[in-house]
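The values are calculated or read from the model by the stated rules, or taken from the named source; none is laboratory data. Worth saying up front: this structure is predicted, and the values here are computed from it rather than measured. Neighbour counts are summed over all protein chains in view; Cβ atoms, including those assigned to glycine, are modelled from backbone coordinates with ideal geometry. Quick note on the areas: whole protein, heavy atoms, side chains included, nothing else; ligands and nucleic acids left out. Shrake-Rupley method; radii C 1.70, N 1.55, O 1.52, S 1.80 Å.
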Amino acid sequence: MPLFCNVEITNMSESISHTGVVERIEGDTVFVRITQYSACSGCHARSMCSASEQKDKIIEVPDRSGAYRVDERVLICGQTSMGLRAVFLAFVVPLCIVLCGVVIGVHLRWGETLSGVVGLSLLLPYYYLLYLSRDKLKKRFVFTLKKLN
């Protein structure tokens, strides 16, 4: 089993855990590197397949305890409701925005191409608003750390 491949759902309504390594510590923030594997990472043919991939992600975790060290293996935990909220903000809302733009454009007889461009360009203000509210979102998407034995 790869070093960072442990994803554990402790209770569907409670939390999800992922192992990672403390990358750096700045003030009261611990930066944890986790490695995400594609769904087929366990396949024996993954070395021959272009669909198999892994990505490193850095997660910021507020921590005032000072109990963690750089290069220490930790368990990062978050509520499953945070994941659902993130999917909603990242996928559902943009899809609805694009679909509304296309439907309104077609209804106004702008043509399919122009309607599609309008639908996609409506995403620019949405993502800009997300960017402006990033500090507020950081307070809602809070992870916790646990030491691994």
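Numbers below:
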{"item": "Verdict on K147 being among the charged types (D, E, K, R), without any contact (Cβ under 8 Å) to a residue 24 or more places away in the chain and under 24 Å from R33 (Cα atoms)", "result": "no"}
{"item": "Selected residue (criterion: farthest from V61 (Cα to Cα)) from residues of the stretch 109-122 that are in contact (Cβ under 8 Å) with a residue 12 or more places away in the chain and surrounded by 15 or more Cβ atoms within 10 Å (Cβ to Cβ)", "result": "S115"}
{"item": "The stretch 131-149: number of residues that are touching a Leu at 6+ places or on another chain (Cβ under 8 Å) and open to solvent by less than 70 Å² (accessible area, probe 1.4 Å)", "result": "3"}
{"item": "Criterion: under 30 Å from C77 (Cβ atoms) and not aromatic (F, W, Y) - qualifying residue of V98, V106, V102, V92", "result": "V92"}
{"item": "Which listed residue is over 22 Å from L145 (Cα atoms) and either surrounded by 11 or more Cβ atoms within 10 Å (Cβ to Cβ) or at pLDDT 90 or above (or both), from L89, L75", "result": "L89"}
{"item": "Check on A86, closer than 30 Å to D28 by Cβ, small (G, A, S) and under 16 Å from the mean Cα position of the chain (by Cα)", "result": "yes"}
